[in-house]
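In what follows, a structure is listed as structure tokens, so that the remarks can point back to it.
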Amino acid sequence: MEFEKQLEEWMKLDYVLPEDLPNIELYMDQVTTFLEEQLKNTKRFEEDKIFTKTMINNYTKNHLLPPSNKKKYSRNHMIYIYYLKNFLSISDIKNLLDPLNEHFEDSDMKPSFYQIYDEIFHLEHNHNSSIKKSITEAFNKAANTFSDLEDSNEKEKLQQFAFITLLGYDIYLRKQMIEKMIDQLYQP
């Protein structure tokens, strides 16, 4: 089926694989170059930027990232932010990551920030089939709408609109849920 092929293509995401994270400190230009290269296929438009120096400075200034060590950044600086920035505000990211900041030091007593990222990375990848199933269900529901229309072109456009709005509704509800959970867990 054509939709299944499209869905496979759309669900291909670039990730920074845990094992690809440099285990050495990098200067900011090296960080932005690394992330741009690793995540280049997540751009909607060619001219879009994944990370800029200004973004990294703002994240550091807002204590989402620990300060650099003599203008060098560790792998702990590079993970999570690129993903969360797409759907959470800076203050929500800060509230979510503050409890993890104690892991930046990578003490022997606790899982390191890298280990946490590795675990979450695998959890997310194993969840892809559930997401794919949910999207396919939304597509099928939308395909059954506007069945009384005779104009097939108009019907197809309205079904596509229904599909997009169903996906949007899903995102909206999930985002609301995430924000409420953050508000409950991380109240000042």
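Which residue pairs have Cβ atoms under 8 Å apart, sit 6 or more places apart or on different chains, and have a first residue in segment 33-44 that is without any contact (Cβ under 8 Å) to a residue 60 or more places away in the chain and a second that is open to solvent by 50 Å² or more (accessible area, probe 1.4 Å) and assigned to a helix (DSSP H, G or I)?
GLN38/ASP20
Mind listing whichever residues of segment 20-29 are surrounded by 14 or more Cβ atoms within 10 Å (Cβ to Cβ) and assigned to a helix (DSSP H, G or I)?
Of everything in segment 20-29, just one residue is surrounded by 14 or more Cβ atoms within 10 Å (Cβ to Cβ) and assigned to a helix (DSSP H, G or I), namely MET28.
Anything in segment 63-93 that is open to solvent by 60 Å² or more (accessible area, probe 1.4 Å) and at pLDDT 80 or above? List them, or say none.
The answer is ASN69, LYS70, LYS71, LYS72, PHE87, ILE90, SER91.
Taking the residues in segment 136-188 that are touching a residue at least 40 places away in the same chain (Cβ under 8 Å) and farther than 30 Å from PRO99 by Cα as candidates, determine which candidate is surrounded by the fewest Cβ atoms within 10 Å (Cβ to Cβ).
The qualifying residue surrounded by the fewest Cβ atoms within 10 Å (Cβ to Cβ) is THR136.
What is the one condition in (1) open to solvent by less than 50 Å² (accessible area, probe 1.4 Å); (2) under 17 Å from GLU4 (Cβ atoms) that PHE113 does not satisfy?
The failed condition is (2).
What is the number of the single condition among (1) open to solvent by 70 Å² or more (accessible area, probe 1.4 Å); (2) at pLDDT below 95 that ASP106 does not meet?
Evaluating ASP106 over (1) open to solvent by 70 Å² or more (accessible area, probe 1.4 Å); (2) at pLDDT below 95 leaves (1) as the failure.
Any residue in segment 1-19 that's surrounded by 14 or more Cβ atoms within 10 Å (Cβ to Cβ): show its pairings with residues that are assigned to a loop (DSSP other than H, G, I, E, B) and at pLDDT below 80 at Cβ separation under 9 Å, as long as the two are six or more apart or on different chains.
Taking only residues 6 or more apart or on different chains, the pairs are VAL16/ILE79; PRO18/ILE79.
The values are calculated or read from the model by the stated rules, or taken from the named source; none is laboratory data. Note that the structure is predicted; figures quoted are calculated from it, not measured. No Cβ is skipped: glycine too gets one built from the backbone with ideal geometry, and neighbour counts run over all protein chains shown. Quick note on the areas: whole protein, heavy atoms, side chains included, nothing else; ligands and nucleic acids left out. Shrake-Rupley method; radii C 1.70, N 1.55, O 1.52, S 1.80 Å.
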